[in-house]
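Heads up: the structure comes next, in structure tokens.
The values are calculated or read from the model by the stated rules, or taken from the named source; none is laboratory data. Since we're looking at a predicted model, the values are computed, not measured. All Cβ positions, even for glycine, are placed from backbone atoms using ideal geometry, and neighbour counts span all protein chains on display.
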Amino acid sequence: MTIQTMVQPTAAALAEENGWPVQGQWRYADYLRLPDDGRRYEIIEGVLYVANAPGFDHQFTVTEIIYFFKSFVREHQLGVVLTAPFEVHLSETTKPVQPDVLFIRKDRQPTAGTQFFEGAPDLLVEVISPSSIRLDRKIKFDTYEQTGVTEYWLVDPKLRAVEVYTLARGEYALLGQYTSDELIESKVLAGLAIKANALFQPTVTGTPSTSS
């Protein structure tokens, strides 16, 4: 997901207290009325999803992905790499979503001053947390597939694993699942090769020494 500690939407309570729409009827105009309170708000098929600020492991992984992506994309002048918070408008009832990392080809990248990207980016990455498994693996997976996102990465810091899916005849096919020192590959960013372990917080081994 774009952010950790994803909580179930509480639109029914909000609707009762503040005149918000019920789940399934949220639209972008409603999103624009939400408070700027540091939470991540997304609307998918008219349903509001709310998340709190991410944890360390999540942000460590996001930062590493950005580093490898931007280095590769800049070297080959392929386009632009962005990170949340940045709005992506996939359809009239699914906007905004705020993926953790997104890549947009050079011929499609937004111009200076743009507030959001309309349409399907070429590659999206979501970093999973225990509370966001269903959102990332089911809801966003289906949404990104249906709206034509060419490549989708699911990155799990707990399992220290990366899954890469590519769109083929309107459906996602698993390009590969990568762990340890296996090299993550991409069709959209052809030639990119990242060791899976490089995206995760290093594990601590051994015991600390003591001095007398």
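Couple of notes before you dig in:
- Qualifying positions in the stretch 64-110 - of a type in the set (S, T, Y) and under 16 Å from the mean Cα position of the chain (by Cα): Y67, T83, T94
- For W26, the conditions (1) within 26 Å of K158 (Cβ to Cβ); (2) in a loop (DSSP other than H, G, I, E, B); (3) modelled with pLDDT of 95 or more are fulfilled apart from (1).
- When each of F116, F69 is tested for being in contact with a strand residue (DSSP E or B) (Cβ under 8 Å, 6 or more places away or on another chain) and closer than 25 Å to L199 by Cβ, the lone residue that passes is F69.
- Residues that are free of Cβ contacts under 8 Å to residues at least 12 places away in the same chain and among the basic types (K, R), drawn from the stretch 62-97: K70, R74
- Options T111, T93; residue that is in a loop (DSSP other than H, G, I, E, B), surrounded by fewer than 15 Cβ atoms within 10 Å (Cβ to Cβ) and polar (S, T, N, Q): T111
- The condition (being over 20 Å from N52 (Cβ atoms) and either out of contact with any strand residue (DSSP E or B) (no Cβ under 6 Å at 6 or more places or on another chain) or β-branched (V, I, T) (or both)) is satisfied by just one residue among R108, R134: R108.
- Some residue of the stretch 144-158 being of a type outside the set (K, R), closer than 26 Å to G55 by Cα and surrounded by fewer than 19 Cβ atoms within 10 Å (Cβ to Cβ): no
- Being under 18 Å from the mean Cα position of the chain (by Cα) and in contact (Cβ under 8 Å) with a residue 12 or more places away in the chain is a description that does not apply to E171.
- Residue list for the stretch 36-60, restricted to those being more than 17 Å from V127 (Cα to Cα), in a loop (DSSP other than H, G, I, E, B) and not charged (D, E, K, R): G38, G46
- Hey, L174 modelled with pLDDT of 95 or more and surrounded by 15 or more Cβ atoms within 10 Å (Cβ to Cβ) or not: no
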